[in-house]
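The values are calculated or read from the model by the stated rules, or taken from the named source; none is laboratory data. Remember, it's a predicted structure, so these values are computed and weren't measured experimentally. In this analysis, Cβ positions are derived from the backbone assuming ideal geometry, glycine residues included, and neighbour counts consider all displayed protein chains. These area figures cover heavy atoms from the full protein model, side chains too; ligands, DNA and RNA do not enter into them. Shrake-Rupley method; radii C 1.70, N 1.55, O 1.52, S 1.80 Å.
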Amino acid sequence: MKEESLLKGDVPSCEGDASAEAPHRDHPACGQVSIRRLFLAAAWASPPPAVIALAGRAEAPVWEGAAALARRVNQEPLFHHFVASRFPNAPLRPETMLDLENQSRFHAFRWEEIRDTAHAVLDALGSRSICPVLLKGISQAGERYDPPRLRPMRDVDLLVKPADVDSAQE
């Protein structure tokens, strides 16, 4: 099955798939789901029904693996939100769920610090008539993540005109 297929919400059928020499993986009609596919499902604001159905059939090792992947790539808030809002009875160990909750709280506090710092920097630059462009995470946080604290960040990336660099650094 092509990687894009499930990401677009297509639900292929197991029947007549002659390309499979081994049991299907990541195949909604067969009830199989990989760790990566479950993790990716958490990234959608509104996952397609086929993805929700597939995630609902995932077994404990897949849920634990997806949680470990979320930890490895610093996306605990997003995965925790997915689990808590859509699968509160997901087969996760209590310590895994507690870790996801704790990391989500940490990132929520961190988001508030970054947001406040970004506002202060933008105000300071604005007072010098410098209009920076917000790049990467902070520019997408409110648009692609609801609530924005689901987007873990460590810094704020700004772009200023070359002529404004010296003034911006002061």
Exposure of PHE79 as accessible area (Å², to 10), given a probe of 1.4 Å and all protein chains: 0
Carbon/sulfur fraction of accessible area - the range 25-107, other protein chains in place, 1.4 Å, %: 55
Segment LYS161-LEU134, length gained on full extension (0.36 nm per residue, minus Cα span): 8.5 nm
³J(HN,Hα), Karplus 6.51/-1.76/1.60, whole Hz, each residue of the range 43-50, x for Gly, Pro: 7, 7, 5, 9, x, x, x, 4
Estimated vicinal HN-Hα couplings, Hz - the range 108-117 in sequence order (Karplus 6.51, -1.76, 1.60; Gly, Pro = x): 5, 5, 4, 4, 4, 4, 5, 4, 5, 5
Surface accessible to a 1.4 Å probe, per residue, for the residues of the range 100-167, Å²: 67
Efficiency of FRET between ALA53 and PHE109 - r from beta-carbon atoms, R0 41 angstrom, step 0.05: 0.75
Packing rank of 67-78, 48-59, 126-137, where each peptide gets the mean count of other beta carbons within 10 Å, highest leading: 67-78, 48-59, 126-137
Estimated FRET transfer efficiency (ASP116, ASN89; beta-carbon r; R0 45 Å; 0.05): 0.80
Distant-in-sequence amide H partners of ASP157 (H built 1.01 Å from N, under 5 Å): LEU135, ILE138
Accessible area of TRP44 in the full protein assembly, 1.4 Å probe (Å², nearest 10): 70
Simple spin-label estimate for LEU98 and ALA124 in nanometres, 7 Å along Cα-Cβ: 4.0
Solvent-accessible area per residue, Å², over the range 39-80 with all protein chains present [probe radius 1.4 Å]: 41
Estimated inter-spin distance, ASN74 and ARG154, nm [label 7 Å along Cα→Cβ]: 0.4
